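A.B. asks: Once you've had a glance at the structure underneath, I'll fire off some questions.
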Amino acid sequence: MSAPVKPFTDEQARALVNLRPRYEAAIEAERALAALPYNLVRKRVGEREYLYEAIDRLNNGKSLGPMSPANEQKLADYRVAKADLQARRETALALVGEIGRLARPLRLPVLANAAGEVLRELDRRGLLGEALLVVGTNCLPAYALEAGGTVADAPDETDDFDLAWVAEEESEDAALWAALKAVDPSFTLNTERTFQARNAKAYEVELLVAPSRKPTMHPREQPQPIPLPEQEWLLPGRRVDQVVPCRDGSAARLVAPDPRWFALHKLWMADQPKRNPLKRGKDRKQGVALLDAVAAAMPHYPLDAAFEGSIPPELVPYWQGWRAQAERQGG
């Protein structure tokens with residue numbers, strides 16, 4: 001029997017440790033750029049020049065008043081700040097790319113490119129971890145980093161992307177929908193499955209929500225999920241927060257549920273008649289493999305009496321089944 005976790009080599013670990021600060025430098029520059037006006041430009045109206053705050057490439061916008069020493073300084077300061085942030089972003093992205101190019105030869109855990117694009121936009125907007133969690137198979141690369149190695153026997157291929165709405169405060173706008181449209185304007189709502197959005201390449205993003213968090217969603221948010229009681233199980237515990245490489249050499253931040261709860265949820269899903277039969281086997285393998293990994297390599301997620309006492313009745317049989325199997329195997 002193979003070990004539950006194959007520890008990263010020194011070279012793998014070094015690349016992953018260096019990835020996070022480089023990614024954070026890039027996303028911080030992105031956020032700062034997003035906080036600046038789209039553009040400040042000189043605009044002649046009749047015989048006078050004005051400073052305009054442009055909102056698009058056609059320089060449509062609002063006047064900030066006639067050009068004056070104060071507005072000249074405002075324009076100069078803006079240009080310097082914008083150029084500095086753009087340079088910082090490009091430098092950081094180049095450094096991320098240096099590690100990204102090593103992902104394949106080093107056999108690092110990687111995330112699909114499309115998922116990475118969505119995650120970066122959510123992170124740039126401050127939604128990741130605050131309003132949204134990654135759920136489903138895309139969590140596996142983050143759990144591998146948390147375990148410090150490759151998780152054995154945990155299928156991690158997926159062609160779609162699952163998110164859970166977890167905000168505790170009421171949202172002021174349709175935050176997820178705005179982010180998806182910023183990533184790809186071709187995203188549209190699946191009218192037959194209103195919890196799902198799909199772009200022109202048929203890439204699907206599904207939104208899930210626990211009943212306790214549904215009231216914090218904006219009424220015009222899209223997709224619009226049906227509250228599922230089992231989503232409550234992914235809210236407690238200590239979340240995993242990791243930066244992982246993407247297949248195209250970029251990187252993305254993943255915030256995922258506590259791996260103990262995620263694993264038990266997966267085992268429960270594998271037994272549900274409504275679950276796609278083609279996914280049940282993967283669910284069961286992921287649940288078992290992740291609990292094995294937690295026991296072997298994540299002591300900061302204790303599988304102790306306190307955790308056992310917090311498990312709801314619906315999940316107790318899956319916990320007991322895993323414990324019995326682990327004991328038979330000498331765990």
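A.B. asks: Could you count how many residues in region 140-157 are modelled with pLDDT under 95 and open to solvent by 30 Å² or more (accessible area, probe 1.4 Å)?
C.D. replies: So the answer is 5.
A.B. asks: Only one of these is farther than 22 Å from E30 by Cα, open to solvent by 50 Å² or more (accessible area, probe 1.4 Å) and either free of Cβ contacts under 8 Å to residues at least 24 places away in the same chain or in contact with a Pro (Cβ under 8 Å, 6 or more places away or on another chain) (or both): A83, A70. Name it. Outline the logic, then answer.
C.D. replies: Working: A83 fails: farther than 22 Å from E30 by Cα.
The unique qualifying residue is A70.
A.B. asks: Continuing with the same structure: Of all residues in region 258-302, how many are charged (D, E, K, R), open to solvent by 10 Å² or more (accessible area, probe 1.4 Å) and under 30 Å from A26 (Cβ atoms)?
C.D. replies: Result for region 258-302: 0.
A.B. asks: Between residues in region 16-43 that are in contact (Cβ under 8 Å) with a residue 12 or more places away in the chain and open to solvent by 20 Å² or more (accessible area, probe 1.4 Å) and residues that are of a type in the set (V, I, T) and part of a helix (DSSP H, G or I), which pairs lie under 6 Å by C-beta distance while being six or more apart or on different chains?
C.D. replies: From region 16-43, the pairs are R22/V96.
A.B. asks: Among the numbered criteria (1) in contact with a helix residue (DSSP H, G or I) (Cβ under 7 Å, 6 or more places away or on another chain); (2) among the small types (G, A, S); (3) farther than 30 Å from V288 by Cβ, which single criterion is violated by A178?
C.D. replies: (1)
A.B. asks: Do the conditions hold for A3, that is, is it surrounded by fewer than 16 Cβ atoms within 10 Å (Cβ to Cβ), touching a residue at least 12 places away in the same chain (Cβ under 8 Å) and within 30 Å of L140 (Cβ to Cβ)?
C.D. replies: Values: surrounded by fewer than 16 Cβ atoms within 10 Å (Cβ to Cβ): yes; touching a residue at least 12 places away in the same chain (Cβ under 8 Å): yes; within 30 Å of L140 (Cβ to Cβ): yes.
So A3 fits the description; yes.
A.B. asks: Scan region 313-328 and tell me whether some residue there is touching a helix residue (DSSP H, G or I) at 6+ places or on another chain (Cβ under 8 Å) and modelled with pLDDT under 95.
C.D. replies: First pass over region 313-328, keeping only residues touching a helix residue (DSSP H, G or I) at 6+ places or on another chain (Cβ under 8 Å): 314-315, 318-319, 321-322, 325-326.
Filter once more, so that each one left must be modelled with pLDDT under 95: 325-326.
For region 313-328, residues touching a helix residue (DSSP H, G or I) at 6+ places or on another chain (Cβ under 8 Å) and modelled with pLDDT under 95: present.
A.B. asks: Can you give me the number of residues within region 223-237 that are closer than 20 Å to Q286 by Cβ, open to solvent by less than 10 Å² (accessible area, probe 1.4 Å) and part of a loop (DSSP other than H, G, I, E, B)?
C.D. replies: 0
A.B. asks: Identify all residues within region 161-205 that are more than 16 Å from A112 (Cβ to Cβ), open to solvent by less than 40 Å² (accessible area, probe 1.4 Å) and assigned to a helix (DSSP H, G or I); write none if there are none.
C.D. replies: Of everything in region 161-205, those that are more than 16 Å from A112 (Cβ to Cβ), open to solvent by less than 40 Å² (accessible area, probe 1.4 Å) and assigned to a helix (DSSP H, G or I) turn out to be A175, L176, A179.
A.B. asks: Please go through region 6-52 and give me each residue that is outside any strand (DSSP E or B), under 30 Å from L140 (Cβ atoms) and touching a strand residue (DSSP E or B) at 6+ places or on another chain (Cβ under 7 Å), ordered by number.
C.D. replies: If the condition is that a residue be outside any strand (DSSP E or B), under 30 Å from L140 (Cβ atoms) and touching a strand residue (DSSP E or B) at 6+ places or on another chain (Cβ under 7 Å), then F8, L19, R20, Y23 are the ones that fit.
A.B. asks: Another one. Being modelled with pLDDT of 95 or more and of a type outside the set (K, R) is true for just one of A35, A29, A103. Which residue is that? Show your work before the answer.
C.D. replies: Details: A35 fails: modelled with pLDDT of 95 or more; A103 fails: modelled with pLDDT of 95 or more.
That would be A29, the only listed residue that is modelled with pLDDT of 95 or more and of a type outside the set (K, R).
A.B. asks: In the list V244, V209, V240, V255, which residue meets the criterion of being in contact (Cβ under 8 Å) with a residue 40 or more places away in the chain, farther than 26 Å from A147 by Cβ, buried (at least 19 other Cβ atoms within 10 Å of the Cβ) and among the aliphatic types (A, V, I, L, M)? Steps first, answer last, please.
C.D. replies: Working: V244 fails: farther than 26 Å from A147 by Cβ; V240 fails: farther than 26 Å from A147 by Cβ; V255 fails: farther than 26 Å from A147 by Cβ.
Within the list V244, V209, V240, V255, the selection yields V209.
The values are calculated or read from the model by the stated rules, or taken from the named source; none is laboratory data. Remember, predicted model here, so these are calculated numbers, not experimental data. All Cβ positions, even for glycine, are placed from backbone atoms using ideal geometry, and neighbour counts span all protein chains on display. Heads up: the accessible areas ignore ligands, DNA and RNA and are worked out on the full protein's heavy atoms, side chains in. Shrake-Rupley method; radii C 1.70, N 1.55, O 1.52, S 1.80 Å.
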